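Worksheet: the structure to be examined is printed underneath.
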Amino acid sequence: MARAVTNRHKTIATIAAWIVALLIFFPILYTIITSFKSEQEAIQGFNLIPSGTFESYSEVQAQSGYFKFFLNSVILSVGSTILALLVAIPAAWSMAFSPTKRTKDILMWMLSTKMMPAVAVLFPIYLIFRNLGLLDSRIGLMVMLMLINLPIVVWMLYTYFREIPGEILEAARMDGASLWNEIVYVLTPMAVPGIASTMLLNIILAWNEAFWTIRLTTTDAAPLTAFISSFSSPQGLFWAKLSAASTLAIAPILIMGWFSQKQLVRGLTFGAVK
Amino acid sequence: MKLRTLILGLCSTSALAFAAHAESITIATVNNGDMVRMQKLTDDFTKANPDIQLNWVTLEENVLRERVTTDIATKGGQYDVMTIGTYEVPIWAKQSWLLPLDKLGDDYDAKDIIPAIAGGLSVDGKLYAAPFYGESSFVMYRKDLMEKAGLKMPDAPTWDFIKQAADKMTDRANGVNGVCLRGKAGWGENMAFLTAMSNSFGARWFDENWKPQFDQPEWKKTLQFYVDLMKADGPEGASSNGFNENLALFQQGKCGMWIDATVAASFVSDPKNSTVADKVGYALAPDNGLGKRGNWLWAWSLAIPAGTKKADAAEKFVSWATSKHYAELVASKEGWANVPPGTRSSLYANPEYQKAAPFAKMTLDSINAADPTHPTVKPVPYVGVQFVAIPEFQGLGTTVGQLFSAALAGQSSVDDALKQAQDAATAAMTEGGYIK
């Protein structure tokens, strides 16, 4: 009896999970379907079966070279993530293992910067970039993306580090490990799942960032967000082309997420259940 | 071997020297058919000017407006050529943000530019932007439905006729709405339509002393007519319909009439995209017998920001892209119907163009019927047909657009919307120092 109930619960839970997953994934699925339609099909109401044309893809590729934007997206998201980790690991270490009275306040303050609307600082940032000659440069944008995502990276790492018993680090210190050795050889290997999932999440966030990447670039450093935006038109319905551009832009990150989902979920739920 | 290495070395050094000499200019533009076509045809320009390299930045209209404004106001210098509209040109030229275009070349023939368009892009008689394509608005209607209703669309209809035709064409059972008009809030969306419409009702945004005029009977007549017409014959949820939404409705055969940009003619008459391509007729925007029609005037134009360091190369490009030669180039590669419309009188005198574009005459007549310096019946202190060319207008226009969109949705009455619009406009004008 108990087994029957458990089985029934399991089935219901599975169905519910599928429904939620489909609901979340549906807009992406419909974008992919629309990208294989002709423009006329695309505006003719809801239809899940496309004619299977590749017309939009060839037009999108002919109109603007995809690979230049793709390469910039990879460099910016991976580069900003490495920079963020270099800054965040020591920061999270100090907050987790030698906290002060103000640590909680600092953490809250860091998070509060995420609550500010980006457009409020558009002009100051733009002027700083202009004066430093960083407009349309990958380095400038990498630093910008790193700064935007830093609060989340520090918070996530801080949560993972708190799960690691301080005694292990103490033991390492007793054995004569320097601070550098302690972080590199003891802490980092133990926090690999956490660091990996933080890294993956940060890459996704940097990949999808559209406000600054569109506003601080023109041609040389423009990533895939600028590529999609160039297909958005105020006059004329080019939904199939826009969908093809969107599919091309999200495909790499979608595939990466798919392959690393175990790692991502493990990292995100790390320490959630005790 | 040594000689070969030496020759190769010399070649690469000279190539490097050449590359260093080549000047690259960055052009910011919007994504529309004509602009995309221009990007494909630039080989013609770079062949004639091998020392100039072109970089393109294509953006959505609102993002483009925000980006070029940021860049020009901070003198960021990211762009050498900008695509801007008739709203920005007079404001930016007055701020000395744009360079006057006085070196467009001997064979450019600036006098050939349609006077109404040139007027909107000039300040103190100097041209500050060269029009790439111009547009007005007109009535697009379904000839078959009009015939079924037993009516004949005149070339120059009145608003009363539009109402009568819309009532007869509306067939809710078959999903046909008599008329589709913009309702989505925004200074470039519903307010472009309503401001142009209000001109034909004799209304104006401000009197000669910048006093807002929403408390005048002309605005009441305009808004009441619009709301009543849309309630009786418009599509469901019209208050969220902009250009693209109405385009989709018209192309799917759900609108008897649609009053919008002349550029839409090429979309609705294209059998690849439209299910009613062979059934569309065109007429001038309606009037009320007051001497002004309810059509607007817009030109996407190429301008050179004052902060550029490559003004000569930029002006060469602007001259090429807006020349008669470019029109001929497009015609030879893609046919006359695809030549950017609405900028040069010579195009409309060309019999081949008249044959290829059935809407050509109507487009020119519509453009000529709009006068940005005298947009409405009574005198006004501003320039602009469907907008007021002052910096405050973007914000104010959108606020008023939201109020009028709410009136269309039935969330407020026409009187309330007008009263709130008057208050908002008075506050904005007082804050801007136009009135005390």
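The values are calculated or read from the model by the stated rules, or taken from the named source; none is laboratory data. Computed from a prediction, not measured in an experiment: that's the story for all the values here. Positions of Cβ are backbone-derived with ideal geometry, glycine not excepted, and every protein chain shown enters the neighbour counts.
Could you figure out which of (1) assigned to a strand (DSSP E or B); (2) at positive phi isn't true of B:Ala283? Answer for B:Ala283: the failing condition is (2).
Restricting attention to region B:267-281, and to residues there that are of a type in the set (D, E, K, R) and away from chain A (no Cβ under 13 Å), which single residue is nearest to B:Arg293 (Cα to Cα)? Give the derivation first.
Here is the first cut: in region B:267-281, the ones of a type in the set (D, E, K, R) are B:270, B:272, B:278-279.
Pick out the ones that are also away from chain A (no Cβ under 13 Å) and you get B:278-279.
Working: B:Asp278: 27, B:Lys279: 25 Å.
Across region B:267-281, the extreme among qualifying residues is B:Lys279.
Which ones in region B:26-50 are in contact with a strand residue (DSSP E or B) (Cβ under 7 Å, 6 or more places away or on another chain) and free of Cβ contacts under 8 Å to residues at least 40 places away in the same chain? The answer is B:Asn31, B:Gln39, B:Thr42, B:Thr46. B:Phe243 meets the conditions (1) surrounded by 17 or more Cβ atoms within 10 Å (Cβ to Cβ); (2) within 14 Å of chain A (Cβ to nearest Cβ); (3) over 22 Å from the mean Cα position of the chain (by Cα) in every case but one. The failed one is (3).
Among the residues of region B:251-266 satisfying the criterion of being assigned to a helix (DSSP H, G or I) and under 21 Å from B:Ala156 (Cβ atoms), which is farthest from the other protein chains (Cβ to nearest Cβ)?
Initial filter on region B:251-266 (assigned to a helix (DSSP H, G or I)): B:251, B:264-266.
Now drop any that are not under 21 Å from B:Ala156 (Cβ atoms), which leaves B:264-265.
Details: B:Ala264: 8, B:Ala265: 12 Å.
If we take residues in region B:251-266 being assigned to a helix (DSSP H, G or I) and under 21 Å from B:Ala156 (Cβ atoms), then B:Ala265 is farthest from the other protein chains (Cβ to nearest Cβ).
The set of residues in region A:220-261 that are in a loop (DSSP other than H, G, I, E, B) and either in contact with a His (Cβ under 7 Å, 6 or more places away or on another chain) or of a type outside the set (A, V, I, L, M, F, W, C) (or both) comprises A:Asp220, A:Pro223, A:Ser230, A:Ser232, A:Ser233, A:Pro234, A:Gln235, A:Gly236, A:Ser260. Taking residues in region B:392-403 that are surrounded by 21 or more Cβ atoms within 10 Å (Cβ to Cβ), and partners anywhere that are not in a helix (DSSP H, G or I), the pairs with Cβ atoms closer than 7 Å and at least 6 places apart or on different chains are B:Phe393/B:Trp187; B:Phe393/B:Phe387; B:Gly397/B:Trp187; B:Gly397/B:Phe387; B:Gly401/B:Ala185; B:Gly401/B:Gly186; B:Gly401/B:Trp187; B:Gly401/B:Glu189.
Exactly one residue among A:Pro165, A:Pro151 is of a type outside the set (S, T, N, Q), within 24 Å of A:Arg266 (Cα to Cα) and surrounded by fewer than 16 Cβ atoms within 10 Å (Cβ to Cβ), and that residue is A:Pro165.
Of B:Thr58, B:Thr74, all but one fail to be within 12 Å of another protein chain (Cβ to nearest Cβ), surrounded by fewer than 20 Cβ atoms within 10 Å (Cβ to Cβ) and among the polar types (S, T, N, Q); the exception is B:Thr74. Checking each residue in region A:201-219 for being assigned to a helix (DSSP H, G or I), crowded, with 21+ Cβ neighbours inside 10 Å and within 12 Å of the chain's Cα centre (by Cα) picks out A:Asn202, A:Ile203, A:Ala206, A:Trp207.
A single member of B:Ser198, B:Ser239, B:Ser274 is closer than 20 Å to A:Trp239 by Cβ and of a type outside the set (A, V, I, L, M), and it is B:Ser274. Inspect region B:375-382 for any residue being buried (at least 23 other Cβ atoms within 10 Å of the Cβ) and assigned to a loop (DSSP other than H, G, I, E, B) and give the result as yes or no. Within region B:375-382, one or more residues are buried (at least 23 other Cβ atoms within 10 Å of the Cβ) and assigned to a loop (DSSP other than H, G, I, E, B). The set of residues in region B:309-340 being aliphatic (A, V, I, L, M) and closer than 23 Å to B:Gln53 by Cβ consists of B:Ala311, B:Ala313, B:Ala314, B:Val318, B:Ala321, B:Leu329, B:Val330. Checked across region B:89-112, the condition of being of a type in the set (Gly, Ala, Ser), modelled with pLDDT under 95 and in a strand (DSSP E or B) holds for no residue.
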